[in-house]
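Bear in mind that the values in this text are calculations on the coordinates, not laboratory data. Source: prediction; values computed, not measured. In this analysis, Cβ positions are derived from the backbone assuming ideal geometry, glycine residues included, and neighbour counts consider all displayed protein chains.
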């Protein structure tokens, strides 16, 4: 169970979702991906993405502009 | 109903359910416009769907073909009118006009500058990423013929087809958009 931190600060839609999808695709089942984004649209995006793809998602934490969430590859 | 008939019915329903579930995974776009802003929208939606694990087909027709032209495309081997059209239309993502505020080509430069400052990905990058993720691009053979566009004038790794190719893909999609 590897844990990867993905810093997507400064990237706009659709890149955070694209890069996360690419990273998750390469990983193994059970791997953790901690994602940080400061894109204002990231929160609804990640919720929709996780729901659609079925990868479990942790609670979203927000500090200032930064939105952090951990995805577990199903 | 006999047990066999029930079994048969279950099998039939399972088959239909499988088809419905498989169809959920598709998105079909028609890229008719060669405008920079509309092509951006098309490829952002395509990339988003690919990131969500969907199969995406983009049927590219008429002005949309400008987006997938090789910048090196020339009028060689084309007749007079085809040469004119080749000369007058943009080739590839770099010189597309915007649908609003084009101002004879100044508008797109302004938008590129503003988007660059806000670190928004380029249209070319979106096209390349979608290809990496396995998008299926189908160029409309009929509109290519009309404008004298040859297969080698368009980017590599794409397919060619007609209206049935689009409809076949669209009928298997839950979402089809005309851009």
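Ranked highest first by the average count of other Cβ atoms within 10 Å around their residues, in what order do A:48-57, B:11-20, B:40-49, A:21-30 fall?
Highest-to-lowest ranking by the protection proxy: B:40-49, A:48-57, A:21-30, B:11-20.
Based solely on C-alpha atoms, express the radius of gyration and the Dmax of the protein assembly as shown in angstrom.
21.6, 74
Between rounded, prolate and oblate, where does chain A land on the alpha carbon gyration tensor, with a ≥ b ≥ c its root eigenvalues, rounded for a/c under 1.5, else prolate if a/b exceeds b/c?
It is prolate, given that a/c is not under 1.5 and a/b is the larger ratio.
Report relative contact order for the range B:48-179 in percent, whole number only (criteria: Cα-Cα under 8 Å, sequence separation at least 6).
34 percent
Show that you can apply the helix-only estimate: for the protein assembly as shown, add -39,500 (n - 2.57) for every DSSP H stretch of four or more residues, divide by all residues, and state [θ] at 222 nm to the nearest 500.
Using -39500 (n - 2.57) per qualifying helix, the result is -13000 deg cm²/dmol.
Can you say what percent of the DSSP beta bridges in the protein assembly as shown, counting only those with both residues inside, are antiparallel? Round to 5.
In the protein assembly as shown, DSSP labels about 35 percent of beta bridges as antiparallel.
From the Cα gyration tensor of the range B:25-178, with a ≥ b ≥ c the square roots of its eigenvalues, which class applies: rounded if a/c is under 1.5, or else prolate if a/b is larger than b/c, or else oblate?
oblate
How many percent of DSSP beta bridges within the range A:3-72 run antiparallel, rounded to 5?
65 percent
Let's test the formula: R0 of 30 Å, r as the Cβ-Cβ distance of residue B:177 and residue A:59. What FRET efficiency results, to the nearest 0.05?
0.35
Tell me, what is the percent relative contact order of the range A:3-72, built from C-alpha pairs under 8 Å that lie six or more residues apart?
36 percent
Between residue A:34 and residue A:2, how many nm apart are label points set 7 Å from Cα along the C-beta direction?
Roughly 1.7 nm, to one decimal.
For peptide A:41-53, compute the average count of partner chain beta-carbon atoms within 10 Å of each residue's beta-carbon.
Average per residue, whole number: 2.
Alpha carbon centre of the range B:32-63 versus the range B:86-154: separation in Å?
Each part's Cα centre sits 11 Å from the other's.
Kindly work out what percent of the DSSP beta bridges joining two residues of chain B are antiparallel, to the nearest 5.
Roughly 5 percent of the DSSP beta bridges within chain B come out antiparallel.
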